[in-house]
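The values are calculated or read from the model by the stated rules, or taken from the named source; none is laboratory data. This structure is a prediction, so every number in the text was calculated from the model and none was measured. All Cβ positions, glycine included, derive from the backbone under ideal geometry; neighbour counts span all protein chains shown. For accessibility, only protein heavy atoms count, side chains too; no ligands or nucleic acids. Shrake-Rupley method; radii C 1.70, N 1.55, O 1.52, S 1.80 Å.
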Amino acid sequence: MNHISDKATLMPGVVLGDNVTIEAGVYIDYQCIIRDNVHIGRDSFIGARCILGEYLADFVTRRERGVHPLTIGEGAAIRSETIIYGDTVIGARFQTGHRVTIRECTTIGDDVRIGTLSDVQGHCTIDDHASLHSNVFVAPDAHIGKYAWLSPCVTLTNDPTPPSEVERGVVLEPFSIVAAGAIVLPGVRVHTDGLVAAGAIATKDVQPASIVVGNPARERGSVSQIRNRDTGEPVYPWRYHFDRGMPWRGLGYAAWREQNDTDLPE
Amino acid sequence: MNHISDKATLMPGVVLGDNVTIEAGVYIDYQCIIRDNVHIGRDSFIGARCILGEYLADFVTRRERGVHPLTIGEGAAIRSETIIYGDTVIGARFQTGHRVTIRECTTIGDDVRIGTLSDVQGHCTIDDHASLHSNVFVAPDAHIGKYAWLSPCVTLTNDPTPPSEVERGVVLEPFSIVAAGAIVLPGVRVHTDGLVAAGAIATKDVQPASIVVGNPARERGSVSQIRNRDTGEPVYPWRYHFDRGMPWRGLGYAAWREQNDTDLPE
Amino acid sequence: MNHISDKATLMPGVVLGDNVTIEAGVYIDYQCIIRDNVHIGRDSFIGARCILGEYLADFVTRRERGVHPLTIGEGAAIRSETIIYGDTVIGARFQTGHRVTIRECTTIGDDVRIGTLSDVQGHCTIDDHASLHSNVFVAPDAHIGKYAWLSPCVTLTNDPTPPSEVERGVVLEPFSIVAAGAIVLPGVRVHTDGLVAAGAIATKDVQPASIVVGNPARERGSVSQIRNRDTGEPVYPWRYHFDRGMPWRGLGYAAWREQNDTDLPE
């Protein structure tokens, strides 16, 4: 039995499974497939032809519809053709680009953004306000911390000696940055404010606020040395210089942190 | 009110918005979604389940259907599951692979080709006869010049210090080449006939007809030194050695240029 | 005329062409498009909105439905939104992730796996038990041997001097490994047990059981030196240390090989 708010909008061609809950203000565009046990929080937008609660291996291989719930928090903006598996919990104000794939056993906090074509392979954790740009690959067992920033075409790996049974997920600490096209090797930890440069192959842990560059990546000093080329001003740690889409917008990070989340770094 | 030529073919399941114009000879395959204010030029082929005139942020976040026209020139061949936003103008004979994504405020010339999975993030310009192969990522503010050639899995970036408000698009001049898997850093200009080698990380401008290699990319001489391994003949500038799909086919570049476009390099 | 087993399940919205054969036990999920001359072997699972037997250029450019058969062996598990062209033969127990694209004139053996977003550009051969992870790009003319292992985001190229008419496909011999994000240049052969490290740009042939690292890739000894970091045990050749999904599971490679396929390396 389904619970569909009469204040929700379902466009033609939407397919609904069983035990689906759709709250008020939700908009579901053409031809979406909402499988069993999916809960969509209020005011969310679901773009055309998304598949939510996608089948796990039990159905694909044995046609057994196990119970694999998917919960999506309020105010989501999930763009067209995104696929999200069951056994996944997603917080409020989740945003995606197009054709994102998120597999099972993924836990996603509030205010997370995941860009077009990104592929989250499941069994991982993405904390509040983390931002993944287009075409990011996330192998299982990754832990992406709060406010971590992943530029386009980043690859997070997990198998140190492919193929093997060993799985060592990458750990990105809060406010760490992985720039475009970089590859982070299995088990590598990027500490707070650490920066993996564009195209770098990070084979070892990245120390706090240090920058690593090259193939293999080598440390090249502190992010505090990096300047805006036009103004000459420092740009890292970025939380003091960038606030678009951030909760400290207009307030400044220091003042906001004191009132809201003193577990975050200064 | 829509203007659908009676010489157009719409397969079952096509969804049409308002103010759609479809010219004679157009074929639209199953389940395409054509949103408002889309104009498709004559004899175009639109593969199954494309979304043309896709919603911008005003609809996703506020459910406001702003006016964001999309114009596609005649003779397009847009393969299945491609998504193209509104506020975009595309010239004649546009060709795509599957699942291409093209966001808003993109201006595309005539005879452009964009391969499977490529992701053009909008606010950029792609000039006549540019060719993007599969899985190319184009950050905003890029300018891809005439006859620029991008091999598979190329990444064009735009944020020099992520995350920041600074946007420096890449510039690819006419006949420049970016080979497979290369990454071009923000604001880098690849001059005419310049070649970024496969897997190179281009951090600085690439001089005319020079080749850059490695991570970070370093100059390694002139493209004129590169030979066909079998024949020993030079292969660059490529316009003198390659004409498949080019307007000088059968005529030779020099003769064609004299008659057609003397703004192009000799 | 179609031959659809009465023991097959077709969910609503499936579109069928002509001369389609669907054997017993097949499950075809919502809104799949099965074009002409497609044969799906028994007990296969076809996820939602796959397109099988996709049109080749004759239809796209001239609207001519040529005869381009696609055969998929028994027991396939093809996940949602995968596109497979005609003129292709696929063996038994084929598995894909989501949104895989496989173009024409591809020959795929038994027990092959191809991950989410991978793009096989056609005119290539993938032998039994080869495994391609997510987002692998395969240029035409590649030959991927038995038990070859490709990690996520690998790029196999084929044009030595883009753009040109020369096509030199990559050759991956049995049990070779290409790790995450590596790029293999045109015509390169990775010999048996050779390993291209993560992020490496392989510009030359990789000798048997040797490992190559960096940009450009250089040889760094033998894979036999690589150890499991926790146990200190060797991990290569991997067939003696890994058996998940392999036919020698529970038996050991040596014993299995003697009984089954002595053409494979010891």
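Summarise the partner chain shielding of A:115-122 as one whole number: the mean count of Cβ atoms from other chains within 10 Å of each residue's Cβ. Working shown, then result.
Numbers: counts 3, 7, 11, 1, 10, 0, 6, 0.
Average per residue, whole number: 5.
If we count every other residue with Cβ under 10 angstrom of B:Gly17's Cβ, Lys/Arg +1 and Asp/Glu -1, where does the sum land? Overall, the nearby charge balance is 0.
For peptide A:162-169, what's the mean number of Cβ atoms from other chains within 10 Å of each residue's Cβ? Let's see the in-between values first.
On the way: counts 15, 15, 7, 5, 6, 0, 2, 0.
The shielding value for this peptide is 6.
Of interest is the spacing of the C-alpha centroids, which for segment C:181-213 and segment B:156-230 amounts to 23 Å. A simple charge model with +1 on the Cβ of Lys and Arg, -1 on the Cβ of Asp and Glu and nothing else charged puts the dipole of chain A at about 680 debye relative to its Cα centre.
Computed with a 1.4 Å probe over protein heavy atoms only, the accessible surface of chain B comes to 36 Å² per residue. For C:His68, B:His123, the ranking by accessible surface with the largest value first comes to B:His123, C:His68, using a 1.4 Å probe. Loop-resident trypsin sites (Lys or Arg not before Pro) (DSSP state other than H, G, I, E or B) in segment C:1-48 with no more than 13 further Cβ atoms inside 10 Å of their Cβ: C:Lys7. When the pairs A:Lys204/C:Lys204; A:Lys146/C:Lys204; A:Lys7/B:Lys7; B:Lys204/C:Lys146; A:Lys7/C:Lys7 are compared against a 32 Å limit on Cα-Cα distance, A:Lys146/C:Lys204; A:Lys7/B:Lys7; B:Lys204/C:Lys146; A:Lys7/C:Lys7 fall above it.
Excluding C:Gly252 itself, what net charge comes from residues whose Cβ is under 13 Å from its Cβ, given Lys and Arg +1 and Asp and Glu -1? Working shown, then result.
On the way: positive: C:Arg239, C:Arg249, C:Arg257; negative: C:Asp243, C:Glu258, C:Glu266.
Neighbour charge sum, excluding C:Gly252 itself: 0.
Take chain C, connect every pair of alpha-carbon atoms lying under 10 Å apart with a spring to form a Gaussian network, then pick out the residue of C:Val196, C:Val15, C:Val213 with the largest mean-square fluctuation. Of C:Val196, C:Val15, C:Val213, the most mobile in the Gaussian network model is C:Val15.
Placing +1 on each Lys and Arg Cβ and -1 on each Asp and Glu Cβ, with no other charges, gives segment C:205-266 a dipole about its Cα centre of roughly 300 debye.
Using R₀ = 35 Å, calculate the FRET efficiency as 1/(1 + (r/R₀)^6) where r is the Cβ-Cβ separation of A:Tyr240 and A:Val67; round to 0.05. The partial results should precede the final answer.
Values: r = 46 Å, r/R0 = 1.31.
So, using R0 = 35 Å, E works out to roughly 0.15.
Residues of segment B:191-216 that bury at least 40 Å² of accessible area when the other protein chains are present, relative to the chain alone (probe 1.4 Å, heavy atoms, ligands and nucleic acids excluded): B:Ala198, B:Asn215. Choose one of A:Ile22, A:Val170, C:Ile126: the residue whose Cα lies farthest towards the positive end of the charge dipole of the protein assembly as shown (beta-carbon charges +1 Lys, Arg; -1 Asp, Glu; about the Cα centre). Final value for the positive-end residue is A:Val170.
For segment C:3-231, averaging the sequence separation of C-alpha pairs within contact (under 8 Å, six or more residues apart) and dividing by the residue count gives a relative contact order of 9 percent. Largest first, the three principal axis extents of the alpha carbons in the protein assembly as shown are 71, 67, 57 Å in whole numbers. Just the protein heavy atoms count here, and of the accessible area of segment B:3-233 at 1.4 Å, carbon and sulfur take up 47 percent. With the biggest extent put first, the Cα atoms of segment A:66-162 measure 39, 32, 25 Å across the principal axes. Here the Gaussian network model covers chain C, with springs between Cα atoms less than 10 Å apart; of C:Asn158, C:Asn135, C:Asn19, C:Asn19 fluctuates the most. Each Lys or Arg adds one and each Asp or Glu subtracts one; over the other residues with Cβ under 10 Å from the Cβ of A:Asp36, this totals +1. Accessible surface buried at the B:C interface totals approximately 3200 Å², computed with a 1.4 Å probe on protein heavy atoms.
Around the Cα centre of the protein assembly as shown, unit charges on the Cβ atoms of Lys, Arg, Asp and Glu (plus for the first two, minus for the last two) sum to a dipole of about 680 debye.
Among the trypsin sites (Lys or Arg not before Pro) in segment B:161-266, those placed in a DSSP loop whose Cβ has at most 10 other Cβ atoms within 10 Å are B:Arg244. Within the listed set B:Val235, B:Val184, B:Val166, the residue fluctuating most in the Gaussian network model of chain B (springs between alpha-carbon atoms under 10 angstrom) is B:Val166.
Would you calculate a helix-derived [θ] at 222 nm for chain A, using -39,500 (n - 2.57) for each DSSP H run of n ≥ 4 and dividing by the full residue count, to the nearest 500? Calculated from helices alone, the mean residue ellipticity at 222 nm is -1500 deg cm²/dmol.
Write down the Kirkwood hydrodynamic radius of chain C, to one decimal in angstroms, obtained as one divided by the mean of 1/r over all alpha carbon pairs.
Numbers: mean 1/r = 0.0517 Å⁻¹.
With all distinct Cα pairs of chain C included, I get 19.3 Å.
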